[in-house]
Amino acid sequence: MAAALLANVLYSTGFVLEKRALAALPQVTVREPAKLLRLVLGSPLWIGGSLSLAAGFAAQLVVYRTLPIAAAQGIFVSGLVLLVLLSARLLGEETTGRERYALGAILAALLMVVLSLREDTDTVGSEAPYPLILLVCVPSLAAGVWLYGSAERRARHRHRLPTTGVEYGVAVGVLYGVSSLAIKGVSNYLTASGIGEALLNLLRSPYPYLLLFTGAFGLVMSQAALQRCRASLIVPVCTTVTCLYTAVLGTLSFGEALPQEPLRLALRLAGTALAITVLLTMPKHDRQAAAQPSLGAKELTPP
């Protein structure tokens, strides 16, 4: 529990620092990954945010060794509250009433998932068949990259309203969901008796290669999206998708059984359905950002 809460603080801090650093950089795009990397690696503030995220990754490894996947995801999503507070305080971002209701509904949905857990009966899965992991992850990676590219093409339309980042958040969230499954797989090798044997077995598994792919693509995609969209919205969407993806597919892949009691099963299914419904109904365009240029133009108009 302590490691999960620490991971929340580290992840929220890391995202806010990266967002603040990106605001001071020239516009980045996924079509120029080398330029993107050169710009961000030259920013000490961005490097500080990345180190915070890396520390959160280390804390996440500890969590997956001791908690069921669904329980871990429920705790991770509680960090959204901290993220929204930090975004308002340090980035000056404001959420609309509809967005606040949506975030509240997401937290309520994930609270339902947490309430469906029981420590004495919920088991922590340790292994998953490699063919099943690849069957789940490879199509997901393709879908995430395709969805991001589709959002990029629509965003380039000249008269299109600025996006809130929901589509970007969903796409990156799917990639990070695959990354979470890989982290879960890697954490299981940390219990091996010898370091050499554990490392050899790990290299024979698909997990390090899934982490490399999601790390490379997720870095480029998330930074470009984070620069053009509000962190207070895109990160909660990304986090929710990641948690739902990991909780549902991770539970099935690693053999962590669903609750047997009707009430606990209903809570878990209803919480998952509510979170998905909220994501589907969230606003796709940022009308606040669209209004800013027109306000500026009005100020320049002579009396």
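Descriptive notes on the structure:
- Look at (1) crowded, with 16+ Cβ neighbours inside 10 Å; (2) over 16 Å from Arg228 (Cα atoms) and you find that Ala2 fails only one, number (1).
- Test: Phe217 is modelled with pLDDT of 85 or more, under 22 Å from Arg154 (Cβ atoms) and either aromatic (Phe, Trp, Tyr) or out of contact with any Gly (no Cβ under 9 Å at 6 or more places or on another chain) (or both): yes
- Filter result for Pro259 (assigned to a loop (DSSP other than H, G, I, E, B), in contact with a helix residue (DSSP H, G or I) (Cβ under 6 Å, 6 or more places away or on another chain) and not polar (S, T, N, Q)): yes
- Residue within region 25-33 that is surrounded by fewer than 17 Cβ atoms within 10 Å (Cβ to Cβ), of a type in the set (Lys, Arg) and in a helix (DSSP H, G or I) present: no
- Every pair of residues 6+ apart whose Cβ atoms lie under 8 Å, when the first sits in region 24-48 and is under 15 Å from Ser222 (Cβ atoms) while the second is at pLDDT below 85 and outside any helix (DSSP H, G or I): Leu36/Val28; Leu36/Thr29; Leu36/Val30; Leu39/Val28; Val40/Val28
- Every condition in (1) surrounded by fewer than 16 Cβ atoms within 10 Å (Cβ to Cβ); (2) under 21 Å from Gly173 (Cα atoms); (3) of a type in the set (A, V, I, L, M) is met by Leu41 except one, and the failing one is (2).
- Each residue in region 61-81 was checked for being surrounded by fewer than 24 Cβ atoms within 10 Å (Cβ to Cβ), closer than 13 Å to Leu6 by Cα and at pLDDT 75 or above, and 2 pass.
The values are calculated or read from the model by the stated rules, or taken from the named source; none is laboratory data. None of these values were measured; they are calculated from a predicted model. Positions of Cβ are backbone-derived with ideal geometry, glycine not excepted, and every protein chain shown enters the neighbour counts.
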